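One structure is given here, and the rest of the page talks about it.
The values are calculated or read from the model by the stated rules, or taken from the named source; none is laboratory data. Predicted model only: the values in this text are computed from it and were never measured. Here the Cβ positions follow ideal geometry from the backbone for every residue, glycine too, while neighbour counts run over all protein chains shown. The area values use the complete protein model at the heavy-atom level, side chains included, leaving out ligands, DNA and RNA. Shrake-Rupley method; radii C 1.70, N 1.55, O 1.52, S 1.80 Å.
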Amino acid sequence: MQKLQGCDVSHWNGRPDWAAAARAGMRWAAVKFSQGDAITDAQAVRNVDRLRRLGLPVMPYHFLYPGLPAADQFTRFHAVVTACGGWGGLLIPALDVEGDEHCALRGMSSAAYCELAADWLALLEREIGRPGAVYTYPSFNAEHGVGQRLGSRSLLWAASYGSQVPHLAGWPRATFWQTSDHGTWPGIGGGLDLDWFLGTEDALRALLVEAKRQPLVVGAEGRPISCAPDWSGDRVTVAAAPLLAALGLPTAPLPPAVHADTGRAFLHELEPYCRPWGFFYRDTPQGPRVYCKRVAAAQETGVS
């Protein structure tokens, strides 16, 4: 199994020399952004800026507090994303699901706490168009059923300090693995959380938010169509007129599915007006693709 060395840091790690860390083999980093609904990590912006300059992917994470509304906590997290200049260079975010610092749920039931986590993750998915990751550890997962409730809609960042890749119930496998909470690394020092990404460089970069959010619409002979495709929630939107023109279809009047103010439409809502063309979605190592192909009238298509 290929593994890429990473670490996770917060203000407790001071001001890392990320260039020195990269020279020693650090390939990515998880950076704490926020906690609860009122705490922003003091070093988040600096850490992201330095890591971006080095071209190292950053996985932002939020520490979920029991008893505080998910929307308020996501707002706090998103404010740090904005302060860092947006999603460029950021991997899918992770949600730290382990109660509070003392592993208590502050009177919440396991089900209610996992529901809170699910609400936060749903807000994230609405923002970036894909699921995030969940950080937790084996005993907490076993006690509170985190994977059972969240594993179907998230990747796993497992904290387990043994020698074997951990398996936590509810997830098919771990994607990120925190192997130590007292490691040492050049440029950062001691008392460091060390992690692996369990995969290749290409697999890691496929988790970059911006790379995944920008689909490509491919027309005849494999040529991209310039129709400004984008994610909107979990669906693809396009500028309708350029797409119709590229497919040799009339652009006036525009179909009712097209929003009058923006000229854009959800691709699946535009499809009935694009016969005999059909749209087929594929996830590729280079990012999401929508292929435009001529289809028989009764053939079903694959755009969600």
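Give me the percent relative contact order of the range 170-233, please, defined on Cα pairs under 8 angstrom at least 6 residues apart.
Reported relative contact order: 21 percent.
Computed from the Cβ-Cβ distance with R0 of 22 Å, the FRET efficiency linking ASP100 to ARG46 stands at 0.30. Each Lys and Arg Cβ is given +1 and each Asp and Glu Cβ -1; about its Cα centre, the chain then shows a dipole of about 980 debye. Averaging the Cα positions of each part gives two centres, and for the range 35-84 and the range 224-284 these lie 34 Å apart.
Compute the relative contact order of the chain as a whole-number percentage, counting only Cα pairs closer than 8 Å that sit 6 or more residues apart in sequence. Result for the chain is 15 percent.
The gain in end-to-end length when the ARG126 to ASP181 segment is fully stretched comes to 16.6 nm, 0.36 nm per residue minus the alpha carbon separation. Relative protection proxy for 51-59, 274-282, from highest mean packing down: 51-59, 274-282 (other beta-carbon atoms within 10 angstrom).
Where both partners of a DSSP beta bridge lie in the chain, what percent of those bridges are antiparallel, to the nearest 5? The antiparallel proportion sits near 50 percent.
Projecting the Cα positions of GLY189, TRP157, THR179 onto the charge dipole of the range 152-207 (unit charges on Cβ atoms of Lys, Arg, Asp and Glu, taken about the Cα centre) puts TRP157 furthest along the positive direction. Taking every DSSP helix (H) stretch of at least 4 residues in the chain, weighting each as -39,500 (n - 2.57) and dividing the sum by the residue count yields a mean residue ellipticity at 222 nm of -7500 deg cm²/dmol. Solvent exposure of the chain, expressed per residue, is 45 Å² of accessible area, with all protein chains present and a 1.4 angstrom probe. Please build a GNM for the chain, connecting alpha carbons under 10 Å apart, and tell me which residue among PRO256, PRO138, PRO186 fluctuates the most. With Cα springs under 10 Å in the chain, the top fluctuation among PRO256, PRO138, PRO186 is at PRO256.
Expressed as a whole percent, the accessible area of the chain that falls on carbon and sulfur atoms is 53 (1.4 Å probe). Treating r as the C-beta distance of GLN2 and ARG282 and R0 as 22 Å, the FRET efficiency rounds to 0.35. Placing unit charges on each Cβ (+1 for Lys and Arg, -1 for Asp and Glu) gives the chain a dipole about its Cα centre, and among SER34, PRO16, PRO255 the Cα reaching farthest toward its positive end belongs to PRO255.
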